[in-house]
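Here the structure comes first, spelled out in structure tokens, and everything after it is commentary.
The values are calculated or read from the model by the stated rules, or taken from the named source; none is laboratory data. These figures come from a predicted structure and were not determined experimentally. Quick reminder, even Gly has a Cβ in these numbers, built from the backbone with ideal geometry, and neighbours come from all protein chains shown.
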Amino acid sequence: MPTFTRIIWILAWVSLLTDMASEMLYPIIPLYLQQIGFTVAGIGWLEGTVQFLAGISKGYFGKRSDEIGRRLPFIQWGYTLSALSKPLMGWLSHPIWILGVRGMDRLGKGMRTAPRDAWLSQEAGPQKARVFGFHRSMDTWGAAIGPLLALIYLLNNPNDYATLFLLAFLPGMLSVALLLTLREKPSTTTIGKRAGFLSYLSYWKEAPSAFRKMVPALLLFTLFNSSDIFLLLMARNALEGSYVSMLGRSISADAWVIGAYILYNAVYALTAYPLGRIAERIGTRAIIGFGFLVFAGVYVGFARKPDPQQLLLLFALYGIYAAATEGMIKAWITEQVPTEKAATALGFYTSLESVSIWFASGIAGMLWTYGNASLPFYCSAVVAFITGLYVSSMFNVQQPPAGGQVQR
């Protein structure tokens, strides 16, 4: 393990604790929402709407962070909002309340994401893929520990979802306390002038050529990549009414699904850093393309309604896809742009990504409710396969990017 800066380590631990809190709840959110009366279509539009809120806020706060030359205030407030939202979800079950609380959580994510990633890029220097891989690994270890704790609790307290929302508050606030130990050096490149809420969209005009070739392909894929909640619902439906026998003990379908989700996060955490190291040798773009091809195979598998053992394999492969794309895309973007524009570029991409997920989740929910549940999975697989081939084959001729580093 290389010597990372103190800022990289603290941001990694903050992400681990925050994801521990979030992922204690994420696998049970669709079950809880169904318990309080949400339909699958309703869940799709709820998740899509809050992702849309996160998306448009990512772009604004990313650009604003570049304008004032500060990262830390956005990071601290973003993590604080997400931490405070955790216990609120279990208090009331009215749809407006649920929308407001989920929106508060996603607004916090939108506020912190681009400034945090820009700060990581600045601290990483030339080892961007490695640092982003490490950060995603730490983040995802939290995402593995969280559902494991939830699983242990639910095995002893079935269907007691409300208490879990309270328990998730603890690691969230610990992450906020950890952020208070950070200090940031003021930037000398501040712009100061406050731009409009959607002004970050104008970045497209000045973005480097490689960015403008890559981003449309990524957004096309995202339009057909709905929330992971649909994977959990499909897995749950595939095991509906059944008990799985393992090591002489019968395990409920809910427990099996949560266990499979834990496996996904564990594989993601184990492979994110090694894939970052590999990306530094063969290029981040090649790793991203590989990840999309893995995604295509996984979604075909889910569309065919897998048995319990196949389900575990698919979630493990899905972890490899996530490790090959989520952190690597951010690393690739920061390789292409100047440091002082990193948060704006990241905010531009992640905002449009979230808007695309809004459409994708809503459409997937409608197709699931009023059509064939497998159809959105097959559509996602086809688009992912095409995107993977495109990303892997583009940029055959290398040119110096805007950030002045070797294009990958």
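Can GLY403 be described as out of contact with any Lys or Arg (no Cβ under 6 Å at 6 or more places or on another chain) and modelled with pLDDT of 90 or more?
Taking the combined requirement at face value, the residue does not satisfy it.
Name the pairs: first residue in the range 293-306 and within 9 Å of PHE385 (Cβ to Cβ), second residue among the β-branched types (Val, Ile, Thr), Cβ to Cβ under 8 Å, at least 6 apart or on different chains?
Final answer for the pair search is PHE295/THR325; ALA296/VAL382.
For the range 33-77, how many residues meet the condition of being surrounded by fewer than 24 Cβ atoms within 10 Å (Cβ to Cβ), touching a residue at least 12 places away in the same chain (Cβ under 8 Å) and polar (S, T, N, Q)?
So the count comes out to 4.
Where in the range 305-396 are there helices (runs of 4 or more DSSP H), lying wholly inside it, with at least 2 residues that are among the acidic types (Asp, Glu)? Don't jump to the end; show me each part of the working.
On the way: elements: 308-336, 342-370, 375-393.
Once the helices (runs of 4 or more DSSP H) in the range 305-396 are filtered for at least 2 residues that are among the acidic types (Asp, Glu), what remains is 308-336.
In the range 98-105, is there at least one residue being among the charged types (D, E, K, R), part of a helix (DSSP H, G or I) and touching a residue at least 12 places away in the same chain (Cβ under 8 Å)? Outline the logic, then answer.
Filtering the range 98-105 down to residues among the charged types (D, E, K, R) leaves 102, 105.
Adding the requirement that they be part of a helix (DSSP H, G or I) leaves 102, 105.
Going one step further and asking which of them are touching a residue at least 12 places away in the same chain (Cβ under 8 Å), we end up with 102, 105.
Looking through the range 98-105, at least one residue is among the charged types (D, E, K, R), part of a helix (DSSP H, G or I) and touching a residue at least 12 places away in the same chain (Cβ under 8 Å).
Kindly indicate whether any position in the range 315-332 is over 29 Å from PRO30 (Cβ atoms) and in contact (Cβ under 8 Å) with a residue 60 or more places away in the chain. Working first, answer last.
The initial filter retains those residues of the range 315-332 that are over 29 Å from PRO30 (Cβ atoms), namely 331-332.
Now narrow it down to the ones that are in contact (Cβ under 8 Å) with a residue 60 or more places away in the chain: 331-332.
Yes; the residues of the range 315-332 include at least one that is over 29 Å from PRO30 (Cβ atoms) and in contact (Cβ under 8 Å) with a residue 60 or more places away in the chain.
Could you say which residue among ALA322, ALA331 is touching a Lys or Arg at 6+ places or on another chain (Cβ under 9 Å), within 24 Å of PHE52 (Cβ to Cβ) and modelled with pLDDT of 85 or more?
Working: ALA331 fails: within 24 Å of PHE52 (Cβ to Cβ).
Unique residue meeting the criteria: ALA322.
Can you name the residue in the range 211-259 that is modelled with pLDDT under 75 and part of a loop (DSSP other than H, G, I, E, B) and is also surrounded by the most Cβ atoms within 10 Å (Cβ to Cβ) among such residues?
SER227
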